[in-house]
Amino acid sequence: MIEVESLYFKYPLANDYVLKDINLKIGLGEVVGIMGGNGSGKTTLIKHFNGLLKPTKGFVRIFGKDTREESVAYFSKKVGLVFQNPGHQIFSDTVWNEIAFALKNFGFEEEIINKRVKWALEFFNLTQYKDMSPLLLSGGEKKRLCLASVLAWNPDFIILDEPTVGQDFLQKEKLIEIIKMLITQNKTVIVVSHDVEFIWLLQPRLILISNGTIVKDGDCKSIFKDNSILEKCGITKPQLVELYDELYPLIEQPPVDVIEAYSMILKLLRGLK
Amino acid sequence: MFWLAEGLVYRRQESIIHSLDPRVKLIISFSLFILSLFSSTIFEFIILLSAIFLLGVLSKVLRRMIKTITFSLTFVIMIFVINLLVGYDLIFSIVISLRFIAIISSSSIFFLTSSPDELDLVMRSLHLPYDLIFAFVTAVRFVPVILLDAIQIIDSQRSRGLEIEKGNIFKRIRNYIPILIPLIVQSIIRSEELAEAMESRAYGFSKKRTSYYTLHFKMKDYLILCLHLMLVVLFILLVYFLHL
């Protein structure tokens, strides 16, 4: 459980607060999307979730423990953060060691490390690269490797910063599958993204941030129907919501995916006959 | 860590000093730098540092100059303590520490008030080979970028359970490997990308480079340069010849 209570944050010696009066509660088994324009404070906010940044005022509690009280390593074991740029974390000589790095840091036993790394490699289709240098992988593979290296230690919360950047559509679909599978295991996945289509396919609880404050926290469907809020945060609509706008009031709800859209339209056409 | 980068970065601003010819700024900065090297009493440093801070106020960069000094404070304290431990007396250790602060703050006057483009122009007016100028200017321009990279990398590895401050001295040095390797790799990738982007925009095509801006001394530049040189001469006279 991540609890954020009237969080204010500013960088040392800076004048303005980057985050202002943030209140949040994120439980287990949720999918949460965080969206907002560039420089709105999304990344600053997620860095509070494992204690990388400590609040200037207010509290962030993870499973009831204030982030000021323990080390980043302590919280990272429960909250796994996958950063946007794989280049900022890859350093090992082999793919295997790259995944094992965090597990060794957390002090897992040799046997468990071997088991977990093997699982992660298989799960992300990286087994054939296990003895290769991670620097030689393609962009998409590096991104998968970063995700694998975090999922390997089985954290309760998984935070993904811009997971879809530089990924082809197949990878995005696979990522959605992985996220949905994690949810069934009672994990929480928090996705920070600019990719409205991706967010729409996930149908998460959506948190919109603008200028360091939470503008809206609620159901993805209702937020994407609200033009004024979207405009305020500079977010465009997913295509399926635009389709719904065109067809309204013939259909009551925007379709979640293309298959649902198809069946809705088919129903409409049958009605017209 | 973010805020430390700010003390090293040029920002477009309006002030008397900013609007000077960069050559004048270089002379002011460099002469103060040289004077800090040769000064050896606390009294001299009080004069020098107040002159440097006065320039900081005039150019509205005092806050960031102080940030630069805060950034170097660890080294200042180290220098001070080591000098004391080696057996020099208190006054000498203070002088050495003040000298370090004066050197850093005097050179920061130039870098905080002159854009990398101005640096480029100054070096060109000294007739240095352009490849060298380009390499130097790019290095200066990329300091903040690499610093931001380093912050990202540290955050990234700490999120994977790396505790930099943990363990004995050898372990601590080893702890920097996961930070240094990505930093070096990123820098190499970036320089490659930069080279490719420049070549695709015909870098090095024309043998003789021209510049949109050229440097010209104005009345203001002459005035301030004269004033500055007079003050420097006065300082040298007072301190070295009259032994004030």
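The numbers here are math on the coordinates, done by the rules we state, and not lab data. Remember, it's a predicted structure, so these values are computed and weren't measured experimentally. FYI the Cβ positions are ideal-geometry reconstructions off the backbone, even for glycines, and counts take in every protein chain you see.
The simple Förster model, with R0 at 45 Å and r as the Cβ-Cβ distance, assigns A:GLU231 and B:LEU37 a FRET efficiency of 0.15. With neighbour counts taken as other beta-carbon atoms within 10 Å, the residues B:MET65, B:MET123, B:MET219, B:MET198 rank, fewest first, as B:MET219, B:MET198, B:MET123, B:MET65. For A:LYS221 and A:PHE59, the difference between the fully extended length at 0.36 nm per residue and the C-alpha to C-alpha distance is 55.3 nm.
Its Cα centre serving as origin, region A:2-221 has a Cβ charge dipole (Lys and Arg +1, Asp and Glu -1) of approximately 340 debye. Of the DSSP H helices in chain B, those that are both long (alpha-carbon extent of 18 Å or more along the helix axis) and hydrophobic (Kyte-Doolittle mean at least 0.5) are B:22-38, B:42-58, B:62-86, B:90-113, B:130-158, B:177-199, B:219-236.
Working note: Cα atoms of chain A, range along each principal axis, descending, whole Å: 67, 49, 30. With bins 10 Å wide beginning at 0, the percent of Cα pairs of the protein assembly as shown falling in each bin runs 3, 14, 21, 21, 18, 13, 6, 2, 1, 0, 0.
Would you mind calculating the gained length between B:ILE46 and B:ARG124 on full extension (0.36 nm times residue separation, minus the Cα-Cα distance), in nm to one decimal?
Numbers: separation 78, 0.36 × 78 = 28.08 nm, distance 3.49 nm.
Contour length minus the Cα-Cα distance gives 24.6 nm.
Give me the inter-chain shielding for A:49-55: mean count of other chain Cβ atoms within 10 Å, whole number please.
Numbers: counts 1, 3, 2, 5, 2, 0, 0.
Taking the mean over all residues of the peptide, I get 2.
Over all orientations, region B:76-143 has a Cα convex hull whose mean projected area works out to 6.1 square nanometres. Pair-distance distribution of chain B: all C-alpha pairs, bin width 5 Å, starting at 0; shares per bin in whole percent are 1, 5, 10, 13, 14, 14, 14, 12, 8, 5, 3, 1, 0. The Cα-based radius of gyration and maximum Cα-Cα distance (Dmax) for region A:116-239 are 16.3, 52 Å.
The alpha-carbon atoms of region B:127-213, seen along their principal axes, cover 56, 26, 20 angstrom, with the largest extent given first.
What number, in percent, do you get for the relative contact order of region A:2-221 if the mean sequence gap of Cα pairs under 8 Å and at least 6 apart is divided by its residue count? In percent, rounded to a whole number, it is 29. Largest mean-square fluctuation among A:LEU126, A:LEU201, A:LEU170, in a Gaussian network model of chain A whose springs join Cα atoms under 10 Å apart, belongs to A:LEU170. Under 12 Å from a label point 7 Å along Cα→Cβ of B:GLU163: give me every residue in region A:97-112 with its amide N that close. Only A:105-107 pass the distance filter. Note: relative contact order over chain B, using C-alpha pairs below 8 Å and six or more positions apart, is 26 percent. In the protein assembly as shown, taking the dipole from charged Cβ atoms about the Cα centre, the farthest positive-side position among A:PRO254, A:ILE209, B:PHE241 is held by B:PHE241.
Close lysine pairs were tallied over chain B: pairs 8 or more places apart or on different chains with Cα atoms under 25 Å apart number 6.
For the peptides B:66-74, A:151-159, B:53-61, residues were scored by their other Cβ atoms within 10 Å and the scores averaged per peptide; the highest-first order is A:151-159, B:53-61, B:66-74. For chain B, the Cβ-based charge dipole about the Cα centre amounts to some 180 debye (Lys, Arg positive; Asp, Glu negative; other atoms uncharged).
Cβ crowding within 10 Å ranks A:LEU268, B:LEU183 as A:LEU268, B:LEU183, fewest other Cβ atoms first. Counting only other chain Cβ atoms within 10 Å of each residue's Cβ, the peptide A:148-155 averages 1.
For the peptide B:174-182, the mean number of other protein chain Cβ atoms found within 10 angstrom of a residue's Cβ is 3. Per-residue ellipticity at 222 nm computed for chain B from its helices equals -24000 deg cm²/dmol, with DSSP H segments shorter than 4 residues left out and the rest contributing -39,500 (n - 2.57).
At 222 nm, what value in deg cm²/dmol follows for chain A if DSSP H runs of at least 4 each add -39500 (n - 2.57) and the sum is divided by all its residues, to the nearest 500?
Computed mean residue ellipticity for chain A: -11500 deg cm²/dmol.
Taking the highest mean first, how do the peptides A:211-217, B:102-108, A:228-234, B:170-176 order by number of other beta carbon atoms within 10 angstrom per residue? List each step's numbers first, then the result.
Details: A:211-217: 18.0, B:102-108: 21.4, A:228-234: 13.9, B:170-176: 11.9.
Highest to lowest by the protection proxy: B:102-108, A:211-217, A:228-234, B:170-176.
For A:LYS174, the lysines whose Cα falls under 17 Å of its own Cα, not counting residues fewer than eight places away in the same chain, are A:LYS142, A:LYS143.
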